[in-house]
Amino acid sequence: MDGALIIAKGIHKSYPIGRGKRHPAVKDVSLELYKGETLALVGESGCGKSTLARILMRLTEADSGEIYFDGDQISGLAGRDFRPYRRRMQMVFQDPASSLDPRMKVKDIIAEPLKTWHIFDNKAEILERVKELLDMVELKESALERYPHQFSGGQKQRIGIARAIALEPELLVCDESVSALDVSVQAQILNLLKKLKGELGLSCLFISHDLSVVNFIADRVCVMRGGMLCETAETEELYANPRHEYTKYLLSSIPVVPGMQGA
Amino acid sequence: MMAGLVRRLSGVVLVLIGVMLLIFVMLRIIPGDPASVLLNEHVSPATIEKLTESMGLNKSLPEQFWDYLKGVLKGDFGESYYLHQSVNALMTEAFPYTIRLACMAAAFAWCFGIFSGIISVIRYERLLDYLFRGLSLLGISVPIFMVALFLQYLLYYRWSLVPLTYDGSIFSLILPAVVLGWDSAGSIARLTRSGLIEQMGEPYIDTAKAKGLIHAKAVWTHALRNAILPVITMMALQLSGMLSGAVITESIFGIPGLGRLALTAIQTRDMPLLQGTVLFSAFLIALGNMAADIINTLLDPRRRWG
Amino acid sequence: MSNTLLEIKNLTVSVEKAGRLTAIVKGVDIKVPQGKIVGLVGESGCGKSMTAKTINGILPTAAKITDGAVLWHGNPNTETDLARLSEQKLRKLCGSQIGMVFQEPMTSLNPMMRIGSQVSEALLIHKLVQNKKEARAKTIRLLDEVGIPEPELRYRSFPHELSGGMRQRVMIAMAVICEPKLLIADEPTTALDVTIEAQILKLIKKMCDAYSMSAIVITHNMGVVAQICDYVYVMYMGRIMERTTVKRLFERPLHPYTRGLLASIPRIGKNPEYLQTIPGNIPEIGKEIVGCEFCLRCSDDERACFFEKPMEREIEEGHFVRCHTA
Amino acid sequence: MGMNDFWKLCIKNKSVTVPAIIIVSIMLLAVFAPMITQYDETRQDLLMRLVPPQSGHIFGTDELGRDVFTRILYGTRISLSIALFPTAIAVAVGTALGILSAYFGKWADFAIMRLADIMLSIPGMLLAMVVLYTFGGSLSSVYIALVLMEWGSVARVTRAAAEGILENDYVLAARAMGVRGYAIIFRHILPNLIPSIIVLFTVNIPSSILAESALSFLGIGIQPPKVSLGLMAGTSKQFLFQMPWLSLAPAGMIMLLSLSFNFLGDALRDVLDPKRRAV
């Protein structure tokens, strides 16, 4: 584990819910994400894990707290100064149907980041790169000219991943990226994410409510509840002997699938 | 709850002041001088001068607006150029006719509209649905004056069931009420129908059917109470629209209401009278909006408890 | 035959899409024994939910039952085909004898109606009580039984005032209030968090035992099947691929699809470097497939699989598989 | 769904093609009016005053001996120009303001929506009267009145639709990618709004046609010598009992036009949002 890619200190975020009352979504959270590791944020719905992820990517602004990206403080930066960091972290979303613009063809969806940052100066090179990306996410070239509604959930997620890695980011944030998928498709996408992380040397922040998925994909796990971090540990350590009461309760509630791995 | 009310009230006041400013400015940016337009050509400049003086048209626009604003807040809408009576008196004299017409028209429109919307969904995609759907489409597509002329021709000339124009009796208001309520009935029917169809697709309707409710009962007891909220908002707007005077209906049937007053105001280029009628109706519409909002908040449990 | 409460025979459901009738459920046979919980498991689009909805007739308007029968043996040695009943009779029978719990607690309750009146509605419709007061008392007792705190207070509250878990308890109370013989649970815990899921599954089991109800549980989660079901039917592309007791399914899954499904589930504790996956994707629904639907993605397929639809065979006692090579 | 899918669905859908054909044929009738009738819409023939419908004059002649059928065709031109141009401007202005208030929110949203409230709290007829008072009865002032009357509701509908689009993850993905504001509006929001803009445009046309015809019927809208269907119905309402066709024929054309556009609007809305049909 070399230096920390993301350091967050004392993050607070609350939403107004009428009559002056505010719902505290994230309460004083501090965490580090090291280069090359997959850190999981796990917890039930409403525990603030998605909000925290969007705060780290500055898609939502925190009420207070500091965020460091690869050593530089990014929490205070104004829009223009922060924009270069946008390239270095990208996101894969939960709902495949809503993560792709229904009006754009696949080749334009994947090319959008490349065009926005003028990575290549002519169309042919962009198309070449898009084809390469499609190949990396195991989609056929025939997908280029088609619209998102012509694909299954799993295929749409692959397109989303291709778009996310187009700018060769250092951090990939997966916000419940497999929760909306069926088991067999989920396994394919998890394998793809693991493969790409290895090949591209990505660090990954994996948000999920499914402890079994987290057990497979994550190196370290942060358990969240009511906007607070209640436990952080290596994956094996956490599952072998969880310390926090809530983690134990979570683990005991999972409906266990009998039978050993791969009958 | 109270905070919400205050916020809404301030919103309404802001809109009303905005309307006054807009109307005031629009009526005064006439190419040429209003007084001369009133007194047409062959009048001596001296008379125009005197008239401009008396109507205070020589002051600067902001000053005029300020005087006007003070007047309106005291409920005085100024003096009518043409009829030489106070606008207030003219309006209070005309309003009762408009109220009677509006209420009868609204009653006709809402009963027919909501009833046909519900029947359309209970008998979904069967004869009755297509019939009512066609009728409501016709309702919003036929020009009001065509309905009036056609019904006058048919009911008065051919079958002589109703008097041609308004003769003071309620009976003579029936035809105008149907004419005025005709397109409102159409839009209420369409909104009720589309709202019900949307609600019928919701999962809680499957729950109701699983409990043993047949389609018609599910529409009546479950879908209707959810679909009625937007319909109430439309009804409030329609009523306040009708209360601000139905220009066409009142002029065809000779009903001396606010609509006809507005028409005479435009025909005689009477600025204060026109301004008075427009502001009065804007006030009614704002009131209607607020009433609809309050009723919806009370009816919808999710909003009532904040 | 005697202790089978419900028997679905060769059920085929088709949906009208762009003028063409495409079959979603293709010749499904399901038996629900008295007092047993049957699991219907499969991935989205396999037709499991559609099959369940044919029982109490809440199919979406675009779907039609084009073949087969849904035989209901409510009272002993009578047999009614629910698929052929008129809407009136169907609602009368199903409303009181079949309860249903839905997937989305957030939207399965009427937001404009108090909880109490929604739960007691079935009692009044089927006249199982004399008056409203008795209905109210029965409802409050049941709300308490399903674990809702302060049932008198909750009787008058609205759905938006309850949490997801509480609403699912209300749904269960609503489904059970007429003391039905069969409970259909369509993905009852999919929308819930794992901690609440465990409680709801326990509650469903408790209710089935307390009211000696049989149940059909529709789910895509093998853990849920393992936890509360006695028998299980694995569905793929509108067909039953494998059916047996839950114990035997997890000990020796015979159909390649079931094996692939079980292998691709990440588990707590030791996981391999890469999960074993079923290659390829679920084929287009409309496309006609000559051989076995799974042949393109099957690891141990043979020639026959591509040209001949496999028939259901009983490999072991009570363990049926629709596959040539199993 | 993709843009070409929207068109493919429309072509196949009978309830779209039928009204579309009616509208196009009315347009052709209006444009090629000179070829269809040998009369001129203003030529008076005092010998043939108030002639009942006969071979030469399908709808007879009016009190100045002018052929009613010809005047209906020329009047339809005005109605069509009323239907298309001010509505297009109102939809364009309303859409732009709707998107701005949805995307920027806070102050922009408050200001634009209060302005729309002001417009919508004045009954259409009275707002038109104020405009006609200031600029006098003419085609251009009717244009202005119609734009002022309609942009408010268009802005509200577009704002709600734009907010729906903004909630999608692909907008968030664009922001995460560093796509700038204007690019998000033109590349993501506007294209996804096109189907609802088309429906808005189609639905607002009949209200424009009806509003103009009402104003002209009262004599405060389009002034002679121009020909407007509403004006025709208004001037010949005095002969209602002897010759009802003089008023009801032009009014019938107005009804046919607005009926077809309303029908087309309904059909397009069903194509755009199939969920509305599931019961």
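The values are calculated or read from the model by the stated rules, or taken from the named source; none is laboratory data. Treat the numbers as computed from the prediction; the structure is a model and nothing was measured. Every residue, glycine among them, receives a Cβ derived from its backbone with ideal geometry; neighbour counts consider all protein chains shown.
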Is there a residue being more than 14 Å from chain A (Cβ to nearest Cβ), farther than 22 Å from residue D:207 by Cα, surrounded by 19 or more Cβ atoms within 10 Å (Cβ to Cβ) and touching a residue at least 24 places away in the same chain (Cβ under 8 Å) anywhere in the stretch D:27-36? yes
Contact list please: Cβ distance under 9 Å, first residue in the stretch C:271-282 and closer than 17 Å to residue A:139 by Cβ, second residue of a type in the set (A, V, I, L, M) and surrounded by fewer than 18 Cβ atoms within 10 Å (Cβ to Cβ), pairs at least six apart or on different chains. C:279/C:296; C:280/C:296
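Results for (1) among the small types (Gly, Ala, Ser); (2) more than 24 Å from residue B:226 (Cβ to Cβ); (3) surrounded by 24 or more Cβ atoms within 10 Å (Cβ to Cβ), shown as yes or no for each residue.
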position	(1), (2), (3)
C:145	no, yes, no
C:150	no, yes, no
C:157	yes, no, no
C:164	yes, no, no
C:168	no, no, yes
C:171	no, no, yes
C:178	no, yes, no
C:183	no, yes, no
C:190	no, yes, no
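Could you say which residue among A:60, A:51, A:38 is out of contact with any Ser or Thr (no Cβ under 7 Å at 6 or more places or on another chain) and not basic (Lys, Arg)?
Working: A:60 fails: out of contact with any Ser or Thr (no Cβ under 7 Å at 6 or more places or on another chain); A:51 fails: out of contact with any Ser or Thr (no Cβ under 7 Å at 6 or more places or on another chain).
Residue meeting the stated conditions: A:38.
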Can you name the condition, by its number, that residue B:232 falls short on among (1) away from chain C (no Cβ under 14 Å); (2) under 15 Å from the mean Cα position of the chain (by Cα); (3) farther than 15 Å from residue B:148 by Cβ? (1)
If residue D:250 passes every condition in (1) surrounded by fewer than 19 Cβ atoms within 10 Å (Cβ to Cβ); (2) more than 30 Å from residue A:109 (Cα to Cα); (3) within 11 Å of chain B (Cβ to nearest Cβ) but one, which one does it miss? (1)
Helices (runs of 4 or more DSSP H) contained entirely in the stretch D:88-207, each with at least 1 residues that are more than 13 Å from every other protein chain (Cβ to nearest Cβ): D:106-120, D:139-166
Unique match (being aromatic (Phe, Trp, Tyr) and farther than 18 Å from residue B:210 by Cβ) among C:211, C:155: C:155
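Results for (1) away from chain B (no Cβ under 14 Å); (2) surrounded by 20 or more Cβ atoms within 10 Å (Cβ to Cβ); (3) not in a loop (DSSP other than H, G, I, E, B), shown as yes or no for each residue.
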{"site": "C:38", "(1), (2), (3)": "yes, yes, yes"}
{"site": "C:52", "(1), (2), (3)": "no, yes, yes"}
{"site": "C:61", "(1), (2), (3)": "no, no, no"}
{"site": "C:64", "(1), (2), (3)": "yes, no, yes"}
{"site": "C:77", "(1), (2), (3)": "yes, no, no"}
{"site": "C:89", "(1), (2), (3)": "no, no, yes"}
{"site": "C:92", "(1), (2), (3)": "no, no, yes"}
{"site": "C:99", "(1), (2), (3)": "no, yes, yes"}
Spot the failing condition for residue C:266; the list is (1) crowded, with 21+ Cβ neighbours inside 10 Å; (2) under 30 Å from residue A:237 (Cβ atoms); (3) at pLDDT 90 or above, and only one is missed. (3)
Among the numbered conditions (1) outside any helix (DSSP H, G or I); (2) surrounded by fewer than 23 Cβ atoms within 10 Å (Cβ to Cβ), tell me where residue C:259 comes up short. (1)
One residue from B:217, B:211 being crowded, with 21+ Cβ neighbours inside 10 Å, out of contact with any strand residue (DSSP E or B) (no Cβ under 6 Å at 6 or more places or on another chain) and basic (Lys, Arg): B:211
Among the residues of the stretch B:160-180, write down those that are part of a loop (DSSP other than H, G, I, E, B), of a type in the set (A, V, I, L, M) and either within 15 Å of residue B:149 (Cα to Cα) or without any contact (Cβ under 8 Å) to a residue 60 or more places away in the chain (or both). B:161, B:162, B:164
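Would you check if there is a residue in the stretch A:63-79 being within 27 Å of residue A:156 (Cα to Cα) and either hydrophobic (A, V, I, L, M, F, W, C) or touching a residue at least 40 places away in the same chain (Cβ under 8 Å) (or both)?
Narrowing the stretch A:63-79 to residues within 27 Å of residue A:156 (Cα to Cα): none.
Scanning the stretch A:63-79, I find no residue that is within 27 Å of residue A:156 (Cα to Cα) and either hydrophobic (A, V, I, L, M, F, W, C) or touching a residue at least 40 places away in the same chain (Cβ under 8 Å) (or both), so the answer is no.
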Of the residues in the stretch D:217-235, those that are at the interface with chain B (Cβ under 10 Å from one of its Cβ atoms) and assigned to a helix (DSSP H, G or I) number 5
In this structure, does residue A:109 turn out to be farther than 16 Å from residue A:161 by Cα and buried (at least 19 other Cβ atoms within 10 Å of the Cβ)? no
Of everything in the stretch C:192-212 that's more than 12 Å from chain A (Cβ to nearest Cβ) and in a loop (DSSP other than H, G, I, E, B), which residue is surrounded by the most Cβ atoms within 10 Å (Cβ to Cβ)? C:211
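Hey, does the stretch B:252-261 have a residue that's assigned to a helix (DSSP H, G or I), at the interface with chain D (Cβ under 7 Å from one of its Cβ atoms) and either without any contact (Cβ under 8 Å) to a residue 24 or more places away in the chain or surrounded by 24 or more Cβ atoms within 10 Å (Cβ to Cβ) (or both)?
no
Filter the stretch C:66-75 for residues that are within 21 Å of the chain's Cα centre (by Cα) and not in a strand (DSSP E or B); which is modelled with the highest pLDDT?
Of all residues in the stretch C:66-75, those within 21 Å of the chain's Cα centre (by Cα) come to C:66-74.
Then keep just the ones that are not in a strand (DSSP E or B); that gives C:73-74.
Values: C:73: 89, C:74: 81.
Here the answer is C:73.
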Evaluate the stretch A:159-182: report whether one residue or more is within 19 Å of the chain's Cα centre (by Cα), outside any loop (DSSP other than H, G, I, E, B) and basic (Lys, Arg). yes
Only one of B:5, B:22, B:14, B:27 is within 23 Å of the chain's Cα centre (by Cα), at pLDDT below 80 and not in a loop (DSSP other than H, G, I, E, B). Can you tell me which? B:27
For a quick check of your reading: which helices (runs of 4 or more DSSP H) sit entirely within the stretch A:199-263 and have at least 1 residues that are within 12 Å of chain C (Cβ to nearest Cβ), in contact with a Pro (Cβ under 7 Å, 6 or more places away or on another chain) and surrounded by fewer than 19 Cβ atoms within 10 Å (Cβ to Cβ)? A:245-253
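Residue-wise test of (1) within 14 Å of another protein chain (Cβ to nearest Cβ); (2) in contact with a strand residue (DSSP E or B) (Cβ under 9 Å, 6 or more places away or on another chain).
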{"position": "A:8", "(1), (2)": "no, yes"}
{"position": "A:12", "(1), (2)": "no, yes"}
{"position": "A:31", "(1), (2)": "no, yes"}
{"position": "A:47", "(1), (2)": "yes, yes"}
{"position": "A:58", "(1), (2)": "yes, yes"}
{"position": "A:68", "(1), (2)": "no, yes"}
{"position": "A:72", "(1), (2)": "no, no"}
{"position": "A:79", "(1), (2)": "yes, no"}
{"position": "A:88", "(1), (2)": "yes, yes"}
The residue from A:112, A:132 that alone is of a type in the set (D, E, K, R), part of a helix (DSSP H, G or I) and over 20 Å from residue D:184 (Cα atoms) is A:132
Determine which member of the set C:19, C:39 is small (Gly, Ala, Ser) and without any contact (Cβ under 8 Å) to a residue 12 or more places away in the chain. C:19
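Out of curiosity, is residue B:285 at the interface with another protein chain (Cβ under 10 Å from one of its Cβ atoms), within 30 Å of residue B:64 (Cβ to Cβ) and aliphatic (A, V, I, L, M)?
The answer is yes for residue B:285.
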